[in-house]
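Enquirer: One structure, as structure tokens, below. Some questions next.
The values are calculated or read from the model by the stated rules, or taken from the named source; none is laboratory data. Model, not experiment: these values are computed from the prediction. Glycine gets a Cβ as well: all are built from the backbone with ideal geometry, and neighbour counts include every protein chain shown. Accessible surface is based on the protein model in full, side chains and every heavy atom, while ligands, DNA and RNA are left aside. Shrake-Rupley method; radii C 1.70, N 1.55, O 1.52, S 1.80 Å.
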Amino acid sequence: MNRLKKKKQNAGVEVNGNGSVTREPDCGRKQKLAEIHQALINDPVDIETLRRAAGSKGGLLTDELRRKVWPKLLNINVYDLPHKPGRDVRENHKDFNQVVLDVRRSMKRFPKGMRASERAVLQEQMIDIILEVLKHTPQLHYYQGYHDVAVTLLLVVGERMTIAMLDTLSNHHLRDFMDPTMDSTKHILNYLMPILEQVDTELHDFMIRAEVGTIFALSWLITWYGHVLSDFKHTMRLYDFFLASHPLMPIYLAATIVLHREKEVKKTECDMAMVHHLLSRIPQDLPYELLIGQAQDLFDQYPPSLLAKRAALQPRKSLSISTFQAFQLATLHQRPDSVLKRLTKAQDSSTSRQASRYSGLEAALPQERGQLWGKGNRMVKMAVWGLSATLGAAVFAVAQTAMDWGPEALLQLF
């Protein structure tokens with residue numbers, strides 16, 4: 001832990017090319033709002049500034065800004081969103097019963113004081129959203145905790161945007177959790193102990209002796225902490241950070257939480273059950289801004305590539321890690337929403353004109369065809385007679401050749 005404490009802590013961050021974020025001085029709320037607004041209207045959108053804002057102190061500040069910035073962080077066109085799921089999305093889906101059970105049990109994830117009728121509507125939307133994403137990409141496998149990610153997005157950005165965001169996250173940041181087995185998830189969890197070993201050998205060795213493993217952090221990782229935090233503002237703050245960061249950032253945050261509680265851990269009896277019980281319960285008063293800063297410091301000091309070499313984690317390929325660089329580069333060429341709106345409107349107008357011409361042509365064709373045949377168009381009739389004569393001659397030639405070659409061949413043809 002000493003090595004972590006020695007590193008100077010600042011308030012802001014700056015995103016590097018490898019997906020990490022470097023700290024920079026806090027610029028103040030008003031200046032930050034102005035920078036985010038300017039980044040959104042730049043053409044192309046200034047994604048680096050948006051990532052920096054999402055990772056710096058206070059995150060994206062408001063839900064209104066999150067609705068604008070979160071889609072950009074995932075390269076989503078807000079004017080080209082999926083349609084709301086139809087009724088057939090629930091038909092014959094293998095995960096339907098489990099999804100319904102998990103969503104019904106998610107009452108604590110909704111804001112206190114929300115009317116039961118409003119919550120019921122959102123829960124029905126959650127079910128459809130999850131099934132729609134799974135149906136769209138059949139190789140994705142549902143896991144318990146996936147609904148915790150869905151509800152966080154839904155409460156901030158609404159139904160259609162949640163479908164788009166959840167689909168993108170499922171194919172990138174959350175992809176390793178959506179395999180048919182837990183092997184890839186365990187692989188991600190295996191990065192935790194090597195991080196602890198680099199920072200606090202004594203704490204690492206204590207946990208090894210206790211044989212506590214890393215399963216205590218499973219729900220943190222696969223729900224992006226949504227399942228274990230009671231205050232929704234803390235959950236949103238972490239989502240700002242994770243959406244702007246490398247897919248392994250949640251495991252670096254897990255390491256900072258364990259390191260933050262090192263004194264508690266070391267005072268606990270060196271027993272698997274006792275240590276697991278302590279660590280699996282996250283205190284609700286954690287200094288999240290400090291921990292976010294420390295998690296980024298750890299990522300910079302001990303990137304995944306370094307940990308993989310030291311901890312022999314290379315054999316299993318992580319889809320989340322291997323596709324991240326290409327995904328991050330793809331976000332750098334987005335047009336601002338004002339341009340996307342104009343382009344979408346122009347495209348819709350063009351499509352409408354084409355559809356109008358096509359339907360007009362369709363309406364005219366039957367009448368024209370009737371006129372042609374009704375007037376006994378001589379040229380059309382002659383063309384048909386000529387084609388029929390040509391085909392008849394061709395059939396006769398084939399039959400004659402078959403007769404010359406052998407009568408049995410003719411019988412096979414007919």
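Enquirer: Could you calculate the contour length gain from M274 to I208, that is, 0.36 nm times the residue separation minus the distance between their Cα atoms, to one decimal place in nm?
Expert: On the way: separation 66, 0.36 × 66 = 23.76 nm, distance 1.35 nm.
Extending this stretch completely gives an extra 22.4 nm.
Enquirer: Computed FRET efficiency, Cβ-Cβ of H83 and M107, R0 22 Å: what is it to the nearest 0.05?
Expert: On the way: r = 28 Å, r/R0 = 1.28.
The pair H83/M107 has a calculated efficiency of 0.20.
Enquirer: Cα centroids of region 201-265 and region 142-165: how far apart, whole angstrom?
Expert: 21 Å
Enquirer: Another one. Can you work out ³J(HN,Hα) from phi for every residue in region 247-261, in order, using Karplus 6.51 cos²θ - 1.76 cosθ + 1.60 and θ = phi - 60°, giving whole Hz and x for Gly and Pro?
Expert: x, 8, 4, x, 6, 5, 5, 4, 5, 5, 5, 5, 5, 5, 9
Enquirer: Before I look further, what does region 182-314 give for accessible area per residue, probe 1.4 Å, in whole square angstrom? Display every interim value, and only then the final one.
Expert: On the way: 5000 Å² over 133 residues.
The answer is 38 Å² per residue.
Enquirer: Tell me the Kirkwood radius of region 182-314: reciprocal of the mean inverse pair distance over distinct alpha-carbon atoms, in Å. It would help to have the intermediate numbers written out before the result.
Expert: On the way: mean 1/r = 0.0668 Å⁻¹.
This gives a value of 15.0 Å.
Enquirer: Now for a different question. Could you list the residues of region 215-245 with an amide nitrogen less than 20 Å from a label point located 7 Å from the Cα of K186 in the Cα-to-C-beta direction?
Expert: 215-223
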